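I have placed the structure first, in the form of structure tokens, so that the comments after it can refer back to it.
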């Protein structure tokens with residue numbers, strides 16, 4: 001390897017450390033600057049949607065939007081250049097978000113209004129977990145995800161029962177009230193049942209007969225009970241997952257649970273146990 005190649009490699013490594021790592025001052029400064037740029041771009045998109053502001057500062061918004069887009073494009077190119085596994089980065093979650101946060105500005109040249117999709121840049125703010133070393137505090141998120149997965153079957157059965165109840169109540173209300181009260185079809189009556197059961201109550205359809213009003217009151221009461229059911233299911237699974245995690249070793253570096261008691265290194269971050 002020639003000296004030129006060594007210099008290029010060292011430069012590539014330095015860029016990698018700045019862009020992908022947050023352990024150095026330059027790396028953290030770069031990420032903080034990037035987060036502020038992302039916030040600014042989101043604020044610009046939000047303000048531009050206000051007609052009065054768009055009429056006054058529309059040109060300035062567009063200029064800032066293009067400046068930030070070019071900045072993010074340069075950053076994206078550097079990420080591809082110094083990534084150790086380019087394909088892995090390109091098809092990773094953040095890699096896809098990075099490119100999707102750039103494309104809307106260019107699409108807006110051909111498709112009017114597509115630049116509003118720039119709000120997807122908000123997903124890039126998830127990098128704040130890496131910048132401020134909050135990754136180790138995502139243990140609670142992992143527990144919640146595990147509990148939701150364990151509750152999937154029970155919640156599916158529960159939703160099926162709710163849909164059956166909506167079908168029965170909607171059909172009854174259609175027969176009781178009829179088109180005169182706005183219940184012109186069973187699907188429309190089912191819509192009313194969903195709105196009433198979830199205690200939203202838009203008021204666009206209202207039962208007029210005493211029997212219909214009594215049925216509506218019954219559905220409202222059932223709605224309060226139904227809301228509590230999925231909460232209880234998930235809470236029970238959360239307690240179960242937490243009790244299981246208490247019996248496992250955890251990595252002191254990233255707090256990941258270690259299922260293998262004979263493991264000497266963390267499977268998540270490689271820290272020595």
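The values are calculated or read from the model by the stated rules, or taken from the named source; none is laboratory data. Model, not experiment: these values are computed from the prediction. Every residue, glycine among them, receives a Cβ derived from its backbone with ideal geometry; neighbour counts consider all protein chains shown.
Evaluated against (1) surrounded by fewer than 17 Cβ atoms within 10 Å (Cβ to Cβ); (2) closer than 17 Å to residue 211 by Cα, residue 176 falls short on exactly one condition, (1). Counting the residues of region 206-225 that are surrounded by fewer than 18 Cβ atoms within 10 Å (Cβ to Cβ) and touching a residue at least 24 places away in the same chain (Cβ under 8 Å) gives 7.
Looking only at helices (runs of 4 or more DSSP H) that fall completely inside region 80-133, which ones have 3 or more residues that are assigned by TED's automatic domain parsing to the domain that holds residue 17, surrounded by 13 or more Cβ atoms within 10 Å (Cβ to Cβ) and at pLDDT 70 or above?
Numbers: elements: 86-90, 93-100, 103-107, 128-131.
Hits in region 80-133: 86-90, 93-100, 103-107.
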